[in-house]
1. Look through V75, V80 and report the one residue that is assigned to a strand (DSSP E or B) and either within 26 Å of the chain's Cα centre (by Cα) or over 17 Å from E248 (Cα atoms) (or both).
2. L400 is checked against (1) at pLDDT 80 or above; (2) of a type outside the set (D, E, K, R); (3) not in a loop (DSSP other than H, G, I, E, B) and fails just one. What number does that condition carry?
3. Return the residues of the stretch 310-335 that are among the aliphatic types (A, V, I, L, M) and either surrounded by fewer than 18 Cβ atoms within 10 Å (Cβ to Cβ) or touching a residue at least 60 places away in the same chain (Cβ under 8 Å) (or both); say none if nothing qualifies.
4. Tell me yes or no: at least one residue of the stretch 223-235 is modelled with pLDDT of 85 or more and outside any strand (DSSP E or B).
5. Please verify whether the stretch 315-327 includes one or more residues that are within 34 Å of the chain's Cα centre (by Cα) and at pLDDT 90 or above.
6. Of the residues in the stretch 436-459, how many are of a type in the set (D, E, K, R), touching a helix residue (DSSP H, G or I) at 6+ places or on another chain (Cβ under 8 Å) and either farther than 30 Å from E41 by Cβ or modelled with pLDDT under 90 (or both)?
7. Given the conditions (1) over 23 Å from L242 (Cβ atoms); (2) of a type in the set (D, E); (3) part of a loop (DSSP other than H, G, I, E, B), and given that D53 satisfies all but one, which numbered condition is not satisfied?
8. Quickly run through the stretch 108-118 and pick out the residues that are over 18 Å from R68 (Cβ atoms) and modelled with pLDDT of 90 or more.
Amino acid sequence: MRAWVVRAGTEGEREEPAFEQSIIAAGWPELGDITEAEGREDLRALLTRTYPDYNRRVIGNWAGQLLRFRHIMKVGDLVVLPRRNRQLAVGRIMGDYMFCPDAVPGLQHIRQVEWKHTELERQVVKQDLLYSMGSLMTVFELRRANACERVATLFDRGADPGPAEDESAADRTPSASAALLDKAVNAPVDRPLSLQLHELIEAWPTGRMSSVLTQIEADLHDQGLTASPLITVAGLQSTIKLLRTGAEPGPEQPQLTMDEVPDEEAEHEPLTYRVNHLATAASGVTSIRTGDTLKRAITVMAQKNISQLPVLDEHGRLCGAVTWESIGQSLLHRVPTTLAEVTVRSPLSLDGQSELLASIDQIHERGYAFVHEKHVITGIITTADVTAQFGTRVEPFVLLEELEQRLRRLLHQALENGHLTLEQIRSTLQSHRKKRVNSPDDLTLGEYSYVLAPEENWDALKCNADQQTVRDSLTECAKFRNELMHFDPTSTQERDITPVQGALKMLRALHPIA
């Protein structure tokens, strides 16, 4: 049994018919019968033909919602309908998807429901669960905070028992991230919530950067939101807008442009550290022009206490750099009198979205690199910045984080497509971990091998690799990570990272998202 929320439209126009006819309806009034749609791609094609002006990422979100409504929701599942008067209705799904062509628009895609409660006050539901019900999407599943069991109690007794007793105080308390998401969901359509990436990250519990970013993306998606630009490619000082992608067609769902929300294919960016993940890459940089004097360059460097100064042409493009080193080298030959005599003609310049790991050797060789976005210099990174952020032992950690992100996405995809359930995942875990795992994001690296042990779980991934080989590889990677994190992390340079590289190469082939 699973627990779902189905909203009654932006104006609550489907609320009363839901109770009068004992149904829930999914909206999308222009869309025809989806009975024959067998999966996400069929739904995406139908939606694209019906709503050609909407962004493809929005179309992808809608396809996911209708997939749930058409295929994944089952008879016996529980459903919550938030009402306009701030009350809640709770019922049980009693029938499969039906299309009613003669019904009024908005009431054609339906499921039969037995309503148990239609006037529950929101006060009977704890705030953490209420936050989970606040998504912009019309159809979504309640998965976290022990939601299914709590909604079952709400259905039976009309009251929320609250978080399980074995949950920590942090689990029981609505977090800063939940409050921020609630603020973003309720922001005016024409004035979406805007903040810097580091402020967004600070609202989530601390942890490995890739895990935090993965959690933020998942939480945004659950609320029908997306970050623009994508948080996987933005710098920490970048301004992020939280835009609506999950509301059904209508005034609450703007027709976002490609500039506002990248195409859905861009969602799966390479899962690695980028140059602009370093704070100084987007912190701005003092510069001079080609027509300036050497005296001005030296004065600016002394005044600002900087060692590298970019030289820009009249169009703002990088054409050289002045450094204390270049000035000193010039003095070995003769006293320089012009800016051109001390200018480094080809300074290292890196795109902010390029992979940091691939650029480390160049940065160490040159000592610094200017960072640009669309040919505009946005900052400078030095060897000291790289060392302070990652040290010289970054590669094992980067590879492990990418490995875990890919494993999570494989399981998320299987869950989203209905090939796997959360209960199937939990059934493989130790008893004390079962209630702690509410999504693949909560799994440890060591648990993936157990999750993929049952044949039905492995088959859910829809891949042709040998099951035992993959499991053995993941077990070896988990052992590597434990040694790395708990025994002697200072010796990572001497450790053989071949097992992790091999497992990652295999996962990239199984699920080529980057």
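1. That would be V80, the only listed residue that is assigned to a strand (DSSP E or B) and either within 26 Å of the chain's Cα centre (by Cα) or over 17 Å from E248 (Cα atoms) (or both).
2. (1)
3. L312, I327, L331, L332, V335, listed by residue number.
4. Scanning the stretch 223-235 turns up at least one residue that is modelled with pLDDT of 85 or more and outside any strand (DSSP E or B).
5. Within the stretch 315-327 (the criterion being within 34 Å of the chain's Cα centre (by Cα) and at pLDDT 90 or above), the answer is yes, since at least one residue qualifies.
6. 3
7. Failed condition: (1).
8. Within the stretch 108-118, E114, W115, K116, H117 qualify.
The values are calculated or read from the model by the stated rules, or taken from the named source; none is laboratory data. Bear in mind the structure is a predicted one, so any value in this text is a computation, not a measurement. Every residue, glycine as well, gets a Cβ built from its backbone with ideal geometry; the counts of neighbours run over all protein chains shown.
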